[in-house]
Amino acid sequence: MLLFAPPGALEPPPLLLHGGSAAPRAWLGAVHSALWICWDDGSRRGPPDAACWQRVDLPPGSPDPRDARAAFLDAATAVVRGADDATFLLIRGEPSLQPVDASIDPRERLAAIECSPSGHVPTHAHGAWAWMPSPCPLPAGQCVRGPALPRSRRPSGLDLFVSVELRAQARRGVGPATEATTSTSIIASLGVAFDPARWVGRQLAWNELHAARRPQLRDLPPTRSRGPLAAQERDALAAIVCGGEVR
């Protein structure tokens, strides 16, 4: 049966450890020196299921889960280490911790948390586990900004120039009866020039323009909203910063 509890009925909160990327639907919980495990919270199929929690048998010499460090190795294996460096494995399907000589040194401790990536937080009150909706804000992300300049043509090292000149010359005779004559000529010139210094300057300018056309990765701040509103806030930030989608 799925249980949800109001926030006011959850004092004190249990100490928790989420499975992270190694076991995204697994949880460890500590309540009054007792260790609990939820291997699959059922969030893949819908709302989380409170029936997933199972109490772990603690053999003599096992660490107090409130002071232990722990880590999930995968969706079916967790490692727990006490203050005296005694290490235990918790395997899915086994009811108790198993002593083991392990080189893995877990760093995280179980702690009270206010939100989770799955959108629900485990709670424990009156001897029963429940789930409280409490999604975390989206973490800082990045977006890709497209080119801000149009495509430019690569400069060449040669300068081509064309000139056209029109010449007209009038001639008059020395006598009053002599008619004036006019001659017209057109001169066209085609030339090619190469200036090494100018060519280097053009190459540098073109490289700067070409670099400005490359897609740029921009950082986005963490969202302040939670749940579906956080996704809308992230899309708005990406549109402002990059004009595109988050990647």
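The values are calculated or read from the model by the stated rules, or taken from the named source; none is laboratory data. Since we're looking at a predicted model, the values are computed, not measured. Please note that ligands, DNA and RNA were not included when accessible areas were found on the heavy atoms of the full protein model with its side chains. Shrake-Rupley method; radii C 1.70, N 1.55, O 1.52, S 1.80 Å.
Computed with a 1.4 Å probe over protein heavy atoms only, the accessible surface of the range 22-117 comes to 52 Å² per residue. Checking the a/c ratio against 1.5 first, then a/b against b/c, what shape does the Cα gyration tensor give for the range 72-150? The shape class here is oblate. Here the accessible area of the range 1-140 is 54 percent carbon and sulfur, with a 1.4 angstrom probe and all protein chains present.
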